[in-house]
Each structure stands twice: as C-alpha cells, then as structure tokens.
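These notes concern the structure reproduced below.
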Amino acid sequence: MLELESIVAPFHRLADIGQLEVVGASELPADYQTLLAHDDHMTVAVEAFFGSLVDVRVLEERREDLLYRRTSLLVCQSNGQIVQFGCICLDMAMVSDAVRREIESRQTPLGRVLIRHNVLRRVELRRLWRITPGPVLCEHLRIETPAAGQPPFIYGRTARIVVENCPAARLLEIVKV
C-alpha cells in the first residue's frame, strides 16, 4: 500500500480514491482481465478494447525538479466516453528533452508519447486491485450509485515503466467498462 499511497498522495487521500484490495488476475471479470492483466501500455490496451483512439485529459499536475506527477483521464475520441483514471509519477531525467516537452504539453497519452519516440522501455504490472470507488473516482469516472444488490466494484492496477533498465515511472491506472 505504501507504493500506492506515494503515487496518489500529491493529489488525493487514498480513501477518497476508494477502498482498494489486492486481487489476482483470475479474480478479475473477463473484460477487466483483458484491460489490466498484461505488461503493456494502458493506452494500447484501452484503444484496442474500446475500438477507439483515446485522448488524455490532465486533471492536475505537479513538478518537483525532474519529478513530474499528474492525474488524468483517458477519453475515447469516438464517443467521449471516459474509460480510465490514472495517477503517474515520472522521473523526467529518464527521457529526452523532446519526450519531456511532449509529455508536458498535456496533449497526448504517456504510452503513445513513449511509443512514438521509440523510448527503450518495458511496462511491469505490479498489482491488480478491486476497488470500491470513493468520491474522487465517482466524480471523475462518472460512476453512479449501484443498484441494490449490485457490487460497486471497478478494477485497476499499479505498474511501473522501466526505461533503459531503470525504473522511470510509477502508475495507478483504474478503468471503467
């Protein structure tokens, strides 16, 4: 939980995100397995799953020297559907000036920037989470109160991006299907 709290803390209390419980891939519903249980960029997974390119909508960002943090949403271009809430903590020293400028422009999802610039990287899945959404997720993912008897769960993951064999980014990625 400490890694998770350190990703979220600059923006929200973890309790405001929701109640998070570690789960195994086999405990995820099938759609969430497809979206989360892999070592690839979420941009790629979300675009394939929803059949649409996605745009990034940055909610907040913070900079501390070369440490860049932000919270954002991924939104389908085809219909405006919000499909992901994310928090990132990225060491900008691990990327070129051109990559840094494009990330800071807030116009393109992180995964697409790294792919476009052919940054030598790998994505490592850390943990999968079953989440009872708190007020932050309900607001940003537009989650309605579930019907009586329906579990209010959504799912997410923590991951890291390794650039040239050095950890460069820590991520919390929560999807809504």
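Taking θ as phi - 60°, what are the ³J(HN,Hα) couplings along the range 6-20 by the Karplus curve (6.51, -1.76, 1.60), each to the nearest whole Hz, with x for Gly and Pro?
Computed from phi, the couplings for the range 6-20 are 5, 6, 7, 3, x, 10, 8, 6, 4, 4, 6, 6, x, 9, 10 Hz.
Can you work out the Karplus-derived ³J(HN,Hα) for every residue in the range 98-114? Use 6.51 cos²θ - 1.76 cosθ + 1.60 with θ = phi - 60°, whole Hz, and x for glycine or proline.
Rounded to whole hertz, the list is 5, 5, 4, 4, 5, 4, 5, 5, 6, 9, 9, x, 3, x, 5, 4, 5.
Using the Cα centre as the reference, give the magnitude of the dipole from point charges on the C-beta atoms of the range 2-175 (Lys, Arg: +1; Asp, Glu: -1; all else neutral), rounded to the nearest 20 debye.
180 debye
Given H placed on each backbone N at 1.01 Å, which residues far from G134 in sequence or on other chains put an amide H within less than 5 Å of it?
Amide H neighbours of G134: G18, Q19.
Using a 10 Å cut-off on Cβ atoms, rank the peptides 124-134, 167-177 from the highest mean neighbour count down.
167-177, 124-134
I need to check one value: relative contact order of the range 2-175, counting alpha carbon pairs closer than 8 Å and at least 6 residues apart, in percent.
Relative contact order of the range 2-175: 27 percent.
For the range 37-80, what is the relative contact order in percent, using Cα pairs closer than 8 Å and at least 6 residues apart in sequence?
36 percent
If contacts are Cα pairs under 8 angstrom and at least 6 residues apart, what is the relative contact order of the range 1-91 in percent?
21 percent
Using the Karplus curve 6.51 cos²θ - 1.76 cosθ + 1.60 with θ = phi - 60°, what ³J(HN,Hα) values do you get for each residue of the range 25-33, in whole Hz, with x for Gly and Pro?
These are the phi-based 3J(HN,Hα) values: 4, 5, 8, 7, x, 3, 4, 6, 4 Hz.
Here are a few candidate values for volume of the Cα convex hull per residue in Å³: (1) 131; (2) 158; (3) 112. Which one was actually calculated from the structure I just gave you?
(3)
Can you compute the helix-only [θ] at 222 nm over the chain? Use -39500 (n - 2.57) per DSSP H run of at least 4 residues, normalise by all residues, nearest 500 deg cm²/dmol. Don't skip to the end; give the middle numbers.
Numbers: 7 runs with 48 residues, N = 177.
One gets -6500 deg cm²/dmol as the mean residue ellipticity at 222 nm.
Read-outs: derived from the displayed coordinates by stated rules, not from any lab. What you see is a predicted model; the values in this text were computed from it and never measured. Backbone-built Cβ (ideal geometry, glycine too); neighbour counts: all protein chains shown.
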